[in-house]
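The values are calculated or read from the model by the stated rules, or taken from the named source; none is laboratory data. All figures in this text were calculated on a predicted structure; none of them were measured in a lab. We work out accessible area using only protein heavy atoms, side chains counted, and drop any ligands, DNA or RNA first. Shrake-Rupley method; radii C 1.70, N 1.55, O 1.52, S 1.80 Å.
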Amino acid sequence: MKKRILSVLLSIFLLGLLLTAGPASLQAEVLAEAQNSCPIKVTVTANNLNVRANSNSQSNIIDVLKNNQVVNVLGQKGNWYIIKTDDGKIGSILKWFTKPVDQTETQQSKPQQPETQQPKPQQPETQQPKPQQPETQQPKPQQPAPQQPSNQLSYEQSRMLELVNAERTKAGLKPLAWDADLARVANIKAKDMVDNNYFSHTSPTYGSPFEMMRKFGIQYRTAGENLAGYSSVEGAHNGLMNSEGHRRNILNPSFTHIGIGVQKSPRYGYIFVQMFVGR
């Protein structure tokens, strides 16, 4: 009888060890893998960045991070960083709206001596290649009051950006950075298309995409535009990727930034305007 009790107790003890030891080693493996593939801290580059409960664009928003806010990264799942906010919340953010914090720079800034005059980034006016005919395009002082800059991305904007950058990553290209000012112009173009019932790169109100960008103060070395009328983001993305010219814009290695405008359309469901620039 005693032997049977002892063997039962030993079995329970071994089962307990299995249950406690198994997940711990798995978690350590996942964390080690995440630390090798993502930064320790990131800085938010969007004006406002939603923190989602899970790593997908349809999960609940649990917090909103501000521009230049620095957060700790616990791990990475696909295109999402798993982060911990200042008040202890754990959630997910899209990595496209962040940039890694350079840990080496932050540590070197303390012991450095009077060489604080060196960080004068010499790129004065190479970054301002104003495209031709800058001021001849100013006759109409457009006041985009109805279309204020989108501080927060809609689901459609966020999802489309995710799909575009997934295609670029697959092709070995750098992901495009989100440009809020460019997205504002793209939204104005999409609204103009709906209001004036046309589907064309040339707007009766603003002219060509390049004239429109210049009118709104967007600077670039190279630029492009994609238009789509579809009932869903996925349908629009697939349609663009199946068209050679539109696909070329999405996978253009010269482009560095993107802005996406989305407006509801009684004719198509949605009008999507993708504006690309290279700087």
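Annotations
- Residues of region 226-279 that are under 15 Å from GLN157 (Cα atoms) and charged (D, E, K, R): GLU234, LYS264.
- Some residue of region 257-279 being among the β-branched types (Val, Ile, Thr), part of a loop (DSSP other than H, G, I, E, B) and modelled with pLDDT of 95 or more: no
- The one condition in (1) small (Gly, Ala, Ser); (2) open to solvent by less than 70 Å² (accessible area, probe 1.4 Å); (3) modelled with pLDDT under 75 that ALA46 fails to fulfil: (3)
- The sole residue among SER158, SER150 that is modelled with pLDDT under 95, under 17 Å from PHE272 (Cα atoms) and part of a helix (DSSP H, G or I) is SER158.
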